[in-house]
Amino acid sequence: MKSSIYSQDMYQYDTPEDSLWESTQGSSIAANTKMVGEHSCDVAVIGGGYTGLSAAYHLAKDYDIDVTVLEAGHIGWGASGRNGGFCSIGGVAESSENLIKKYSLEDVRTYYQSQVEAVELVRSNIIDEQMDIKIQGTAEIAVARSKRNLEEMTEHAKFQRKYLGLNATVISKDELKESYFDANQQWGGVSIEPTFGIHPLRYANGLAIAASKNGARIFSGSEVIDWQKNNDSHYLTTKSGVLKAKYVIFATNGFMPEYLLDNFKARSLPIISSIITTRPLTQDELASHNWQTQNPVINSRKLVNYYRLLPDNRFLFGGRGSSSGDRLGAEKNYNYLINVMRNIWPNWSNVEIEHKWHGFVCFTRRLTPSIGRLDDDPSVYFGFGYHGNGVNTSTWTGLQLAKWLGKYGKSNQIPSDLPRIVYGLSPKFPLSALRRYYLQGMIQLYRFKDALSDNRS
């Protein structure tokens with residue numbers, strides 16, 4: 001039975017999200033062709049976001065494998081075309097300390113080093129394929145909103161440098177104010193390299209064009225509504241066609257259609273993330289908060305905000321939201337976000353907001369990405385759960401799945417270089433039908449704690 005935990009307003013595949021990215025795609029837009037009739041291939045990919053497109057690109061380019069992508073909307077319709085464009089080290093929502101207790105220090109270090117490689121993978125894709133994208137910044141700035149936050153972040157930066165091999169540098173309160181920006185709720189921070197900002201929808205289009213150029217077939221407007229297996233072949237049915245394949249890569253992340261296969265029910269927790277962007281700011285307006293950086297930024301609120309200055313001097317500001325995903329709930333989230341932004345950046349309180357949009361970030365119960373192959377059907381591969389860090393983590397995941405299939409597809413071998421903390425399906429969420437409701441309770445609690453901290457600032 002087809003169902004979802006959010007309002008159907010979130011799943012209108014034939015309607016593009018009214019975002020800044022949609023209105024500034026440029027001229028390099030992937031062809032949108034619907035699958036009609038019967039087709040066959042070696043590998044079918046469900047989902048035309050970064051994971052699926054990266055997998056298709058590398059399967060076709062590196063292994064000359066016949067691959068077909070099925071996307072429900074247009075290319076980049078989902079999170080890959082809606083996110084804030086942060087290409088940064090992360091992908092997990094669990095603390096390093098807890099990860100080390102569960103796995104090992106070496107496992108955690110291996111994962112974070114793979115994240116550095118993932119950032120550089122995106123950079124090389126953009127450069128090698130000559131994508132029409134401006135790369136902005138060199139580091140992510142994490143801002144401490146209290147003296148205590150800065151002390152905690154300073155200790156963690158020392159840990160990251162010493163044990164994880166990350167390039168983490170502490171920024172003092174005065175240095176942040178004088179060399180980066182001057183706003184409310186900032187006591188200093190930490191810089192982590194490498195990181196940069198991009199136009200996320202242009203990147204999705206660029207991956208699709210590159211995959212097609214190397215022989216992959218990509219169909220948009222082709223939602224998979226039924227998935228059956230007969231003998232050794234998978235049959236993926238859309239409203240206008242059927243695709244037969246030997247292998248399937250399930251790469252749908254936060255917009256996961258759980259009804260297609262029981263193995264994936266309750267494995268993910270989609271969380272609404274909303275973004276607003278201003279009109280282009282004047283030089284005087286930028287100077288009023290001493291804005292001097294191209295680097296993407298996050299802060300230490302319980303419900304983390306992320307923000308960056310775009311190439312045309314628009315200011316992008318994002319954060320997590322709580323609602324059913326319907327239009328009324330979306331507006332409440334946008335209004336909350338606008339108020340938070342104006343509280344931090346009071347000199348921009350009268351600057352017009354020109355675009356507002358939302359989508360999903362995808363959490364797993366173990367709070368790490370979920371990458372692997374089904375135990376009961378080794379012809380099905382999957383990758384999801386990037387915890388708001390999908391640009392590079394999903395691109396890297398697509399590469400890992402392509403390598404796995406290209407090198408070991410006919411054997412039971414597991415790639416030895418796949419970090420242990422990402423391998424396999426994450427456990428199911430309890431009381432899965434109530435996921436959205438207990439998530440909303442948590443978000444409301446965090447909003448209350450953030451409001452208390454704002455009043456003390």
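The values are calculated or read from the model by the stated rules, or taken from the named source; none is laboratory data. No experiment lies behind these values; they were computed from the predicted model shown. For neighbour counting, all protein chains shown are included, and Cβ atoms are generated from backbone atoms with ideal geometry for every residue, glycine included.
Considering (1) more than 20 Å from Gly319 (Cα to Cα); (2) touching a residue at least 60 places away in the same chain (Cβ under 8 Å); (3) surrounded by 15 or more Cβ atoms within 10 Å (Cβ to Cβ), say which one Ile100 fails and leave the rest.
Going through the list (1) more than 20 Å from Gly319 (Cα to Cα); (2) touching a residue at least 60 places away in the same chain (Cβ under 8 Å); (3) surrounded by 15 or more Cβ atoms within 10 Å (Cβ to Cβ), Ile100 breaks only (2).
Hey, among the residues in the stretch 146-182 that are among the acidic types (Asp, Glu) and under 30 Å from Glu285 (Cβ atoms), which one's surrounded by the fewest Cβ atoms within 10 Å (Cβ to Cβ)?
Within the stretch 146-182, the subset among the acidic types (Asp, Glu) is 151-152, 155, 174-175, 178, 182.
Going one step further and asking which of them are under 30 Å from Glu285 (Cβ atoms), we end up with 174-175, 178, 182.
Values: Asp174: 9, Glu175: 13, Glu178: 12, Asp182: 16.
Within the stretch 146-182, the match that is surrounded by the fewest Cβ atoms within 10 Å (Cβ to Cβ) is Asp174.
Does Gly383 count as in contact (Cβ under 8 Å) with a residue 60 or more places away in the chain and closer than 19 Å to Gly78 by Cα? Spell out the reasoning first.
Details: in contact (Cβ under 8 Å) with a residue 60 or more places away in the chain: yes; closer than 19 Å to Gly78 by Cα: yes.
Yes; evaluated as a whole, the condition is true for this residue.
Does Val67 satisfy the condition of being β-branched (Val, Ile, Thr) and either free of Cβ contacts under 8 Å to residues at least 60 places away in the same chain or touching a Pro at 6+ places or on another chain (Cβ under 9 Å) (or both)? So that I can check it myself, show each step before the final result.
On the way: β-branched (Val, Ile, Thr): yes; either free of Cβ contacts under 8 Å to residues at least 60 places away in the same chain or touching a Pro at 6+ places or on another chain (Cβ under 9 Å) (or both): no.
Spelling it out, it is not the case that Val67 is β-branched (Val, Ile, Thr) and either free of Cβ contacts under 8 Å to residues at least 60 places away in the same chain or touching a Pro at 6+ places or on another chain (Cβ under 9 Å) (or both).
Tell me, which residue of the stretch 247-293 that is small (Gly, Ala, Ser) and in contact with a Ser or Thr (Cβ under 8 Å, 6 or more places away or on another chain) is nearest to Pro378 (Cα to Cα)? Reasoning before the result, please.
Our first condition is that a residue be small (Gly, Ala, Ser); within the stretch 247-293, this holds for 251, 254, 266, 268, 273-274, 287-288.
Cutting the leftovers down to in contact with a Ser or Thr (Cβ under 8 Å, 6 or more places away or on another chain) gives us 251, 254, 266, 268.
Working: Ala251: 16, Gly254: 23, Ala266: 20, Ser268: 20 Å.
In this case the residue turns out to be Ala251.
Search the stretch 397-412 for residues that are in a loop (DSSP other than H, G, I, E, B) and pair each with any residue that is surrounded by 19 or more Cβ atoms within 10 Å (Cβ to Cβ) and not basic (Lys, Arg) when their beta-carbon atoms are under 8 Å apart and the residues are at least 6 apart or on different chains.
These pairs meet every condition: Gly409/Tyr247.
For the stretch 348-371, state whether one or more residues are touching a Lys or Arg at 6+ places or on another chain (Cβ under 6 Å), over 30 Å from Leu405 (Cβ atoms) and assigned to a loop (DSSP other than H, G, I, E, B).
Scanning the stretch 348-371 turns up at least one residue that is touching a Lys or Arg at 6+ places or on another chain (Cβ under 6 Å), over 30 Å from Leu405 (Cβ atoms) and assigned to a loop (DSSP other than H, G, I, E, B).
With the structure loaded, tell me whether Lys428 is at pLDDT 80 or above, of a type in the set (D, E, K, R) and within 22 Å of Ala56 (Cβ to Cβ) or whether it fails that test. Working first, answer last.
Numbers: at pLDDT 80 or above: yes; of a type in the set (D, E, K, R): yes; within 22 Å of Ala56 (Cβ to Cβ): no.
It is false that Lys428 is at pLDDT 80 or above, of a type in the set (D, E, K, R) and within 22 Å of Ala56 (Cβ to Cβ).
Just for the stretch 363-415: of the residues that are surrounded by fewer than 21 Cβ atoms within 10 Å (Cβ to Cβ) and among the hydroxyl-bearing types (Ser, Thr, Tyr), which one is nearest to Gly319 (Cα to Cα)?
Ser379
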